[in-house]
Amino acid sequence: MTTSSRNGYAPEGVIDLPSSFDKQRPRLDEYLLESGQKLSAMTDLVNRGEEVDRDLHSWMLAQVDFVVEIVSNESLELGDEMRSHLLQFLLAVANLNEEIRHHASLRR
C-alpha cells in the first residue's frame with residue numbers, strides 16, 4: 001500500500017500502518033529493509049560520482065516525512081529497537097542528502 005506524504009508524493013515503498021499496528025510489525029520491518037536497500041543503492045550511485053535524479057531524491061525526502069509521522073504518532077507503540085532502527089534510517093538519509101548536496105556543489 002502507498003500513502004501520500006505531506007509533500008504530495010505517493011512514494012513507492014511507503015506503507016499505511018493500520019490501527020492494529022502490532023499485527024503489522026513485519027510490514028514495518030520489511031519497509032525498513034527495502035528502503036534501506038534502496039538508500040544503499042543511492043549511496044553507491046553518489047559514491048561513483050553519478051547524479052541522483054529528481055524522482056529518487058523526492059522518494060528519499062518522502063521517506064523522512066513518513067518516518068517522522070510514524071515516530072511522532074502517539075497511538076503507535078514502537079519498541080526501543082524499532083525507534084532506533086527508524087532513527088538510524090533518518091540519519092542515513094540525512095548523511096546521503098548532505099553527500100548529494102556536496103557533490104552538486106562540486107559540479108557548479
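Of all the criteria given as (1) among the hydroxyl-bearing types (Ser, Thr, Tyr); (2) at pLDDT below 85; (3) in contact with a Phe, Trp or Tyr (Cβ under 9 Å, 6 or more places away or on another chain), the one not satisfied by SER4 is (3).
Quick check, is LEU61 over 20 Å from PRO26 (Cα atoms) and either among the basic types (Lys, Arg) or free of Cβ contacts under 8 Å to residues at least 40 places away in the same chain (or both)?
Taking the combined requirement at face value, the residue does not satisfy it.
Applying the condition of being part of a helix (DSSP H, G or I) and acidic (Asp, Glu) to segment 39-66 and asking which residue is farthest from ALA94 (Cα to Cα) yields ASP55. Residue check: GLU99 meets all listed conditions (1) under 26 Å from PRO26 (Cα atoms); (2) in contact with a helix residue (DSSP H, G or I) (Cβ under 6 Å, 6 or more places away or on another chain); (3) in contact (Cβ under 8 Å) with a residue 40 or more places away in the chain but one, namely (1).
Could you list, in sequence order, the residues of segment 72-90 that are under 18 Å from LEU33 (Cβ atoms), part of a helix (DSSP H, G or I) and not aliphatic (A, V, I, L, M)? Can you show your working first?
So the first thing to find is which residues in segment 72-90 are under 18 Å from LEU33 (Cβ atoms), and the list is 78-79, 81-90.
Those left that are additionally part of a helix (DSSP H, G or I): 81-90.
Answer for segment 72-90, where residues must be under 18 Å from LEU33 (Cβ atoms), part of a helix (DSSP H, G or I) and not aliphatic (A, V, I, L, M): GLU81, ARG83, SER84, HIS85, GLN88, PHE89.
With respect to the conditions (1) under 26 Å from HIS103 (Cα atoms); (2) in a helix (DSSP H, G or I); (3) of a type in the set (D, E, K, R), GLU69 lacks only one, and its number is (1).
The values are calculated or read from the model by the stated rules, or taken from the named source; none is laboratory data. As the structure is a computational prediction, the values presented were derived from the model and not from experiment. Glycine gets a Cβ as well: all are built from the backbone with ideal geometry, and neighbour counts include every protein chain shown.
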